[in-house]
Amino acid sequence: MEGGFYLMKTTAVIMAGGRGERFWPKSRNDFPKQFLSLTSDGKTMIQKTVQRILPLVSYDDIFIVTNQKYVGLVKEQLPQIPDENILAEPMAKNTAPCIGLACAVIRKKYQDAMMLVLPSDHLIRYEPMYIDTLKQAISVAEQDNTLVTIGITPTYAETGYGYINFSRDTQENRMCVYKVNRFVEKPDIDTAKKYLASGDYLWNSGMFVWKVSSIMNDFARFLPETYEGLERIEESVGQDNFEQVLRTEFEKFKSESIDFGIMEKSDSIYVVSGSFGWDDVGSWLALERINTTNEYGSYVKGDVITINTKRSIVSGGKRLVAMVGVEDMIVVDTDDTILICAKDSAQDIKKVIENLKICNRTELI
């Protein structure tokens, strides 16, 4: 053992197939949130995700699972990733098949390896602390052959996240490592306040660490039909019929999340708690958390004039945006669309997309 964790091959799987509907109108079907730059350094979300894990994983061992239509964007933004490590899902089937596909490819290449599973559209403020947390999770997953998830120490009663209920194992003497009791869905505000007060809940970050062998054993146990399909995909990796087998098997897969399909059923799950400035960047509201605001509490980017405007989020485009005497607003200007939204209605932006679908305005989605 070196530096607190074992020397098994470490790989990373970055899930990059989402559409980011709550970031409409910047995020579109053909150019979703993970490929946008939302911070002042100009790097896109997926570029930052890859960059921050390089102390642990080389480019050759980073795998991107994405939608077929985004393969070109991945190659453009991440030219260091080998082409064979860009795995294109034939269709969206939620996170269990997504992760399973990566497991099949990695197992074919390495027989077994440590596997970090990370969303492509989160931001981390304190990257050295993040790496330390991942190292600790790697150590737990490798020593115990268990599934490990990363939980975020909550700082307020949030209703937009799932939670992890944990207990302090009397046999466990490792700092910030706890036994998972259960995963719970997004709560209402009163329940969220109870979770926060109890001290027994963490935010569910959607980040996981495990051996490929450990998670594949649980696929075989809890999702046997999916596992059989993954075996057939694994056999075809590197063969001329890989794409055909992948499509045939993927079509059969049940659309299921890894949380529901495996994590909620497995009896050997630990959580490592982290406090490293995590933000899932779930909506436009995140921009005022992850960027500098002006003296009036507003985030302003682009060709924008604000007069007596407070606590607002303004993302300008090619046109001048002038805001006068307004508070708590979101305004986003693109070439073909202007979004004007009250901040407390940010979660309803997805309803605009629903209306566009009904009206057959697919060019704006």
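The values are calculated or read from the model by the stated rules, or taken from the named source; none is laboratory data. Note that the structure is a prediction, hence the values are computed from the model and not measured. Heads up, the Cβs are rebuilt from the backbone with ideal geometry, glycines too, and the neighbour counts pull from every protein chain shown. The accessibility values were calculated without ligands, DNA or RNA, using every heavy atom of the protein model including side chains. Shrake-Rupley method; radii C 1.70, N 1.55, O 1.52, S 1.80 Å.
Brief remarks follow.
- Among Leu87, Leu320, Leu123, the largest mean-square fluctuation in a Gaussian network model of the chain, built with springs joining Cα atoms closer than 10 Å, belongs to Leu320.
- Thr133 accessible area, assembled protein chains, probe 1.4 Å, Å²: 20 Å²
- Positive-end residue, the chain charge dipole about Cα centroid, Cβ charges, pick of Tyr201, Asn360, Phe31: Asn360
- Rounded to the nearest 10 Å², the accessible area of Met323 at probe 1.4 Å: 10 Å²
- Alpha-carbon Debye profile of the chain, log10 I(q)/I(0) at 0.06, 0.08, 0.10 Å⁻¹: -0.24, -0.42, -0.67
- Within the range 308-365: Cβ-based charge dipole about Cα centre, in debye rounded to nearest 20 (Lys, Arg +1; Asp, Glu -1): 40 debye
- Counting only Cβ charges, +1 for Lys and Arg and -1 for Asp and Glu, the dipole size of the chain around its Cα centre is about 580 debye.
- Note on surface exposure: Thr226, Thr95, Thr155 rank Thr155, Thr95, Thr226 by accessible area, highest first, 1.4 Å probe.
- Remark: the range 157-255 carries 54 Å² of accessible area per residue (probe radius 1.4 Å; ligands, DNA and RNA excluded).
- Global form of the range 188-328, assessed from the alpha-carbon gyration tensor, a/c cut-off 1.5: oblate
- Evaluating 6.51 cos²θ - 1.76 cosθ + 1.60 at θ = phi - 60° for every residue in the range 335-345, the Karplus couplings come out as 4, 10, 8, 10, 9, 10, 9, 5, 4, 6, 10 Hz, glycine and proline recorded as x.
- Estimated FRET transfer efficiency (Glu243, Lys310; beta-carbon r; R0 51 Å; 0.05): 0.45
- In the context of the full set of protein chains, residues of the range 293-365 present 60 Å² of accessible surface per residue (probe radius 1.4 Å, heavy atoms only).
- Rounded to 5, percent antiparallel among DSSP beta bridges of the chain: 50 percent
- Within the range 20-107, trypsin sites (Lys or Arg not before Pro) in DSSP loop having at most 15 other beta-carbon neighbours inside 10 Å: Lys43
- With Cα atoms defining each centre, the range 58-96 and the range 166-226 are spaced 27 Å apart in the structure.
- Residues in the range 127-157 reached by a label modelled at Asn217 [backbone nitrogen below 17 Å; 7 Å Cα→Cβ]: 138-149
- Net charge dipole size for the range 103-250 [Lys, Arg +1 and Asp, Glu -1 on Cβ; Debye, nearest 20]: 420 debye
- Of all segments of the chain bounded by GluC sites (Glu not before Pro) found in a DSSP loop with no more than 11 other C-beta atoms within 10 Å, the longest spans 1-184.
- Reciprocal of mean inverse Cα separation for the range 1-128 (Kirkwood radius, Å): 15.2 Å
- Per residue accessible area of the range 14-53, 1.4 Å probe, in Å²: 34 Å²
- Taking only Cα atoms of the range 206-247, radius of gyration then Dmax in Å: 12.0, 34
- Dividing the summed helix terms, -39500 (n - 2.57) for each DSSP H run of n ≥ 4, by the number of residues in the chain produces a 222 nm estimate of -9000 deg cm²/dmol to the nearest 500.
- Here's how it looks for Lys310: its modeled amide H is under 5 Å from those of Val326, Glu327, Asp328, which are all 5 or more places away or on a different chain.
- Between Gly277, Ala342, Gly325, the Cα set farthest toward the positive side of the dipole of the range 232-365 (charges on each charged residue's Cβ, about the Cα centre) is that of Gly325.
- Phi to ³J(HN,Hα) by Karplus 6.51 cos²θ - 1.76 cosθ + 1.60 over the range 299-314, Hz, x for Gly, Pro: 9, 10, 9, x, 7, 9, 10, 10, 10, 6, 10, 10, 6, 10, 10, 10
- Protein accessible area in the chain, 1.4 Å probe - carbon and sulfur %: 47 percent
- Other residues whose C-beta falls under 9 angstrom from the C-beta of Ser213 contribute a net charge of +1, scoring Lys and Arg +1 and Asp and Glu -1.
- 3J(HN,Hα) from dihedral phi, the range 27-37, Karplus parametrisation 6.51/-1.76/1.60, rounded to Hz, x for glycine, proline: 7, 10, 3, 8, 7, x, 3, 5, 9, 8, 9
- Overall form of the range 72-151 per C-alpha gyration tensor (a/c, 1.5; a/b vs b/c): oblate
- Other residues with beta-carbon under 11 Å from the beta-carbon of Lys109 carry, at +1 per Lys or Arg and -1 per Asp or Glu, a net charge of -2.
- Between Trp278 and Arg125, the built amide H atoms are under 5 Å apart, and every one of these is 5 or more places off in sequence or on another chain.
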